[in-house]
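The values are calculated or read from the model by the stated rules, or taken from the named source; none is laboratory data. Keep in mind that what you see is a predicted model, and the values were worked out from it rather than measured. Positions of Cβ are generated from backbone atoms using ideal geometry, with glycine treated the same way; all protein chains shown enter the neighbour counts. Side chains included, ligands, DNA and RNA excluded: accessible areas come from the protein's heavy atoms. Shrake-Rupley method; radii C 1.70, N 1.55, O 1.52, S 1.80 Å.
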Amino acid sequence: MRLRHIERNVRDLGVISDQFQAQMKSLMDRPSREYQKSVQIKQKSVITETEPNDSYNQGMEISSGILKGTLSGEDRQDYYRFELGPGSILNLDFKAGDDSQNLKIALRNFEGNDLWNPAETSPGAVKSTRILLNNLSGGIYYAVVYSGIGPYKLDLFIETQNDAGSGTDAGDKITKALAIEPGSSFFGEMGAFDEEDWYRFDIPPGHILKLSFTPDASSEAMKFSLRSFERSEVWYSGVVPAGETRPKRVMMNNSSGGTYYLEAYYGSGPYGFEISTESQNDAASGTDAGDKIAEALKIIPG
Ligand SMILES: [Ca+2]
Ligand SMILES: [Ca+2]
Ligand SMILES: [Ca+2]
Ligand SMILES: [Ca+2]
């Protein structure tokens, strides 16, 4: 809505270039751009590796920015160490120099297990990954360039998830659900080590709950589930393909208000959803006519 408003204002000024219009359109079409915008705005620092960095213990401390390094006949391995907070997103581009040979990179956790280990990077080529952590995981991680010869560039960008504007990840289980206020649109993202996003919100009795879910066009198909305060499933979306919207209206009766839960799961990538409530208006009462005779709505005949 805000974007539409901005677009109208700008049009009134008559100063939109075609390129800007295209950007606005892609922003409106692709909610996930909210996540990526900060990547483009941030000024990137460029640093050069410090040797020796030939083991986990010697791992050079790095943070978001561009790092230049080289492997040679005498320098067979480069270790880099960085910290990720809970709910972080790690974006990494590894670019092999034009005259490099057979360079290989891996991302490893503190225990030395591979999180990412792509095939050899050909000269001048880039290998990229984006890894999400949920709000309970974080810690020390390593990027290791461990095979090949020649110069390379490591572009590391660490950001945090921002599910429903919370600045972090919506919890991966019902007891860690993120509280939200119905009445607006929300964006979230899941994937990799972030497998589920749970939200909770309150609905007054006798209201109509309106929901809609849209996995981003760039995402993998997802599933959504609505659960009642008793945690039983009220509605399940089925598999929602990328870019499609699945709307749903749920009629609450006079006694079925309370805390409800939404779960996004199954796929990966960004998604959008809307939640709003409106009061029922049975016989213009502004609410629901009771489901039991004791709660029957009093109407005046005639
Ligand atoms: Ca080196
Ligand atoms: Ca080294
Ligand atoms: Ca998430
Ligand atoms: Ca999550």
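Holding the Cα-Cα limit at 22 Å, pick out from K44/K68; K44/K104; K127/K173; K44/K127 the pairs that are longer than that. Display every interim value, and only then the final one.
Values: K44/K68 13 Å; K44/K104 24 Å; K127/K173 32 Å; K44/K127 19 Å.
Check vs 22 Å cut-off fails for K44/K104; K127/K173.
Quantify, in whole percent, the carbon and sulfur part of the accessible surface of the range 48-160 (1.4 Å probe; protein heavy atoms only).
Details: 2340 of 5030 Å².
Its accessible area is 47 percent carbon and sulfur atoms.
Roughly to the nearest percent, how much of the accessible area of the range 175-285 is carbon and sulfur, given a 1.4 Å probe? Before the final figure, lay out the partial values.
On the way: 2280 of 5020 Å².
Using a 1.4 Å probe with all protein chains present, the range 175-285 comes out at 46 percent carbon and sulfur.
At R0 = 45 Å, how high is the FRET efficiency between Y265 and E51 if r is their beta carbon distance? Nearest 0.05 is fine. Could the numbers behind the result be given before it?
On the way: r = 45 Å, r/R0 = 0.99.
Calculated transfer efficiency: 0.50.
Could you give log10 I(q)/I(0) at q = 0.14, 0.15 Å⁻¹ for the range 48-160, computed by the Debye formula over C-alpha point scatterers of equal weight, without solvent?
-0.50, -0.58
Taking only protein heavy atoms and a 1.4 Å probe, what accessible area per residue, in Å², does the range 107-166 have with all protein chains in place? Let's see the in-between values first.
Numbers: 2460 Å² over 60 residues.
About 41 Å² of surface per residue is accessible.
So what J values fall out for the range 46-56 if you push phi through Karplus, 6.51 cos²θ - 1.76 cosθ + 1.60 with θ = phi - 60°, rounded to Hz, Gly and Pro as x?
Karplus-based 3J(HN,Hα) across the range 46-56 equals 10, 10, 10, 4, 10, 8, x, 9, 9, 7, 4 Hz.
For the range 165-284, report the convex hull volume of the alpha-carbon atoms normalised per residue, in Å³, without decimals. Intermediate results must be reported in sequence, preceding the final value.
Numbers: hull volume 11.5 nm³, N = 120.
About 96 Å³ per residue, rounded to a whole number.
Evaluate the charge dipole of the range 48-160 about its Cα centre and quote only its size in Debye, nearest 20, assuming +1 on the Cβ of each Lys and Arg and -1 on the Cβ of each Asp and Glu. Walk me through the numbers on the way to the answer.
Working: 9 positive and 16 negative charges, 61 e Å.
The dipole of the range 48-160 has a size of about 300 debye.
Just to check I understand the Karplus step: with θ = phi - 60° and J = 6.51 cos²θ - 1.76 cosθ + 1.60, what whole-Hz values come out for the range 155-169, glycine and proline as x?
Result, ordered by residue: 10, 10, 9, 9, 10, 10, 4, 9, 4, 6, x, 7, x, 8, 8 Hz.
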